[in-house]
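**Q** What follows is a structure written as structure tokens; I'll ask about it next.
The values are calculated or read from the model by the stated rules, or taken from the named source; none is laboratory data. A quick note: this is a predicted structure, and the numbers were derived from the prediction, not measured. So basically every Cβ, Gly included, is an ideal-geometry build from the backbone, and we count neighbours across all protein chains shown. The accessibility values were calculated without ligands, DNA or RNA, using every heavy atom of the protein model including side chains. Shrake-Rupley method; radii C 1.70, N 1.55, O 1.52, S 1.80 Å.
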Amino acid sequence: KLAAEGMTALRLPVYSNPNYDGGRTPSSQAGLTAYANFAANAIAAFPGTGSDVEVYNEFEHRGFSECGTTPACYLDMLKTTAATVKASYPDAKIIGPGVAGMGVKFDWLEGFIAAGGLEYVDAVSLHPYVHPEAPEVLVDDLARLDALITASGGESPPEIWLTEMGWPTANGWATEEQQADYLVRMAAIAFGSGVDRIYWYELANSSPFLNAVEANFGLFYGPSSLLPETQAPKRAAVAQAVLARMVGDATFVARSPSPDGIVDM
């Protein structure tokens, strides 16, 4: 169905396999080789949907391996996976490191860049959540990140992808109106700050209970037995569709603060 709609999929192989490294995040050579093969197989299994692979997810947060959660440990996985995937799919885009954080986690990213990580990725990925704050708090961080990658990436610096970003419509976090508003403002800020691609987390809620923060990031409501409410779009889904139509292939030109303090692009 993705191929028929002209859409690509970002493969995200995670987290462990009971056959390797005691069921923890791969760190041995056998475990890393198996992980890399799994990543390549994930491309082969779904032909016609691109070959982009993000190497692991929030390694510095979830990478419970014998090696640890340092940039050096992640680079072992990244190098092995990049070599294996590129051998079969030379045009594949390797994405990483997919760091988590409230805002941009510069301490870890700077270590990753200093260790030569940019050499192995086509795009630097991050999950710079700031909820319940408004997206404008990201302006300085994204500008700093863009400058850091541009200065360190040689003649062809990697792109910047936000492979997770969103606001939950859970009690006390964001209203549905705020979620839609923040989506548009976040996109304008990101695309005007060197970001090339954004993935909203997530497509649909996984719980009907509004006190479950992690389960209410969706652009759509979750499944329901009460038709027509099941998986109905939230305001943010409509906002994203309108944004895509209005922005299209437009190129960022300038930034100017508006009277109410919102940054317009």
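**Q** What is region 1-131 by shape, rounded, prolate or oblate, if you read a ≥ b ≥ c off the alpha carbon gyration tensor as root eigenvalues and call it rounded for a/c under 1.5, prolate for a/b larger than b/c, and oblate otherwise? Write down the numbers at each step before the final one.
**A** Details: a/c = 1.64, a/b = 1.21, b/c = 1.35.
Here region 1-131 falls in the oblate category.
**Q** Give the carbon-plus-sulfur fraction of the accessible surface of the chain in %, rounded to a whole number; probe 1.4 Å, heavy atoms of protein chains only.
**A** Numbers: 7420 of 13340 Å².
Carbon and sulfur atoms account for 56 percent of the accessible area of the chain.
**Q** While we're here: How much of the DSSP beta bridge set in the chain is antiparallel, as a percent to the nearest 5?
**A** Antiparallel bridges: around 15 percent, rounded to the nearest 5.
**Q** Looking at the chain, identify the longest residue range that excludes and avoids all GluC sites (Glu not before Pro) in DSSP loops having at most 15 other Cβ atoms within 10 Å. Don't skip to the answer; put the middle values down first.
**A** On the way: sites that count: 5, 66, 133, 155, 229.
No qualifying site falls inside 156-228, the longest such stretch.
**Q** With a probe of 1.4 Å, find how much accessible area the chain has per residue, and write the answer as a whole number in Å².
**A** 50 Å²
**Q** Which whole-number percentage describes the relative contact order of the chain, with Cα contacts under 8 Å and a sequence gap of 6 or more?
**A** Taking the mean separation of contacting Cα pairs over the length of the chain, I get 12 percent.
**Q** Pick from 40, 188, 244: which is most flexible by mean-square fluctuation in a GNM of the chain where alpha carbon atoms under 10 Å apart are linked?
**A** Fluctuation is largest for 244.
**Q** Report the local net charge at residue 28: Lys and Arg +1, Asp and Glu -1, summed over other residues whose C-beta lies under 14 Å from its C-beta.
**A** Summing Lys/Arg as +1 and Asp/Glu as -1 gives -2.
**Q** Summing +1 for each Lys or Arg and -1 for each Asp or Glu, what net charge is found among the other residues whose Cβ lies under 13 Å from the Cβ of residue 64?
**A** My count for the surroundings of residue 64 gives -2.
**Q** Another question, then. Dipole of the chain (Lys/Arg Cβ +1, Asp/Glu Cβ -1, origin at the Cα centre): which of 199, 49, 65 lies farthest to the positive side?
**A** With unit charges placed on the Cβ atoms, the residue in question is 49.
**Q** List the lysines whose Cα lies under 20 Å from the Cα of residue 79, skipping any in the same chain that are fewer than 8 positions away.
**A** Straight-line reach from residue 79, under 20 Å: 93.
**Q** Sticking with this one: Give the ranking of 246, 102 by solvent-accessible surface, highest area first, calculated with a 1.4 Å probe.
**A** 246, 102
**Q** Next up: Taking the Cα atoms only, what angle lies between the long axis of helix 29-44 and the longest principal axis of the chain, rounded to 10 degrees?
**A** Taking Cα atoms only, the helix is inclined about 50 degrees.
**Q** Another one. Which order do peptides 77-86, 9-18, 28-37 fall in by mean Cβ count within 10 Å, highest first?
**A** 77-86, 28-37, 9-18
**Q** Along the charge dipole of region 74-168, Cβ charges K/R +1 and D/E -1, which of 117, 153, 84 sits furthest on the positive end?
**A** Value: 84.
**Q** Under a Cβ-Cβ cut-off of 10 Å, what is the net charge of the residues other than residue 202 that fall near it, where Lys and Arg count +1 and Asp and Glu count -1?
**A** Once positives and negatives cancel, what remains is -2.
**Q** Using a Cα-Cα cut-off of under 26 Å, which lysines could be cross-linked to residue 86, ignoring same-chain neighbours fewer than 8 residues away?
**A** Result set, ordered by chain and number: 1.
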